[in-house]
Amino acid sequence: MGKNYVDIEDGKGGTLRYRKHANGRGLIANGAKVHPQAVVEAGAYVEPGAKIGAGARVARGAWIEPDAIVGVNARIDAHAHIGQGAMVGDGASVGVRTDVGPGARIARGARIGDDETVGAGMAIDTDRKGLWLAA
């Protein structure tokens, strides 16, 4: 095991290998795709199959589950959780401790505030102030 890799046991007795991302030192699972211009801060996890776009920022303690997509210049704040298969659009913002459920869709440029919950499969858009709009 090199100094840029960390092996973590999963709940099924297997081992997942994570590499430290060059920009921010967050942990990126084998099979995840993170653009070199993205920043994944230390303490953040990106699971297998997830994709992080150019200029995106994933803050400390955030967790991006398998097959989730974080768009170009999107921002995932500290301790937020992006569920399996969820999509955060380009330039969108997800607040501190916010939970985005599996398969949810956050529109391009949407602003989801702190401590919010976006249910599984929901499609969300917001106005400039972050107020949710009917989809």
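The values are calculated or read from the model by the stated rules, or taken from the named source; none is laboratory data. Just so it is clear, the model here is predicted, and its values are computed rather than measured. Neighbour counts are summed over all protein chains in view; Cβ atoms, including those assigned to glycine, are modelled from backbone coordinates with ideal geometry.
The residue of the stretch 58-91 that is nearest to THR15 (Cα to Cα), among those that are outside any loop (DSSP other than H, G, I, E, B) and among the β-branched types (Val, Ile, Thr), is ILE64. Checked across the stretch 109-117, the condition of being of a type in the set (D, E, K, R), assigned to a strand (DSSP E or B), touching a Gly at 6+ places or on another chain (Cβ under 7 Å) and more than 22 Å from ASN4 (Cα to Cα) holds for at least one residue. With respect to VAL70, determine if the residue is in contact with a strand residue (DSSP E or B) (Cβ under 7 Å, 6 or more places away or on another chain), buried (at least 20 other Cβ atoms within 10 Å of the Cβ) and within 24 Å of TYR5 (Cβ to Cβ). So VAL70 fits the description; yes.
Look at (1) at pLDDT below 95; (2) touching a Gly at 6+ places or on another chain (Cβ under 8 Å) and you find that ASP77 fails only one, number (1). Residue count for the stretch 1-22 satisfying the condition of being polar (S, T, N, Q), over 19 Å from GLY49 (Cβ atoms) and out of contact with any Lys or Arg (no Cβ under 9 Å at 6 or more places or on another chain): 0. Would you confirm whether any residue within the stretch 77-84 is crowded, with 20+ Cβ neighbours inside 10 Å, within 17 Å of VAL34 (Cβ to Cβ) and among the hydrophobic types (A, V, I, L, M, F, W, C)? Looking for residues that are crowded, with 20+ Cβ neighbours inside 10 Å, within 17 Å of VAL34 (Cβ to Cβ) and among the hydrophobic types (A, V, I, L, M, F, W, C), one finds at least one in the stretch 77-84, hence yes. When you check ILE28 against the structure, is it at pLDDT below 95, buried (at least 18 other Cβ atoms within 10 Å of the Cβ) and in a strand (DSSP E or B), yes or no? So ILE28 fits the description; yes.
Got at least one residue in the stretch 39-57 being assigned to a loop (DSSP other than H, G, I, E, B), closer than 25 Å to ARG111 by Cβ, more than 13 Å from the chain's Cα centre (by Cα) and of a type outside the set (Gly, Ala, Ser)? No, the stretch 39-57 has no match at all.
Regarding ASP125, is this residue assigned to a strand (DSSP E or B) and either in contact with a helix residue (DSSP H, G or I) (Cβ under 8 Å, 6 or more places away or on another chain) or farther than 25 Å from VAL6 by Cβ (or both)? Answer is yes for this residue.
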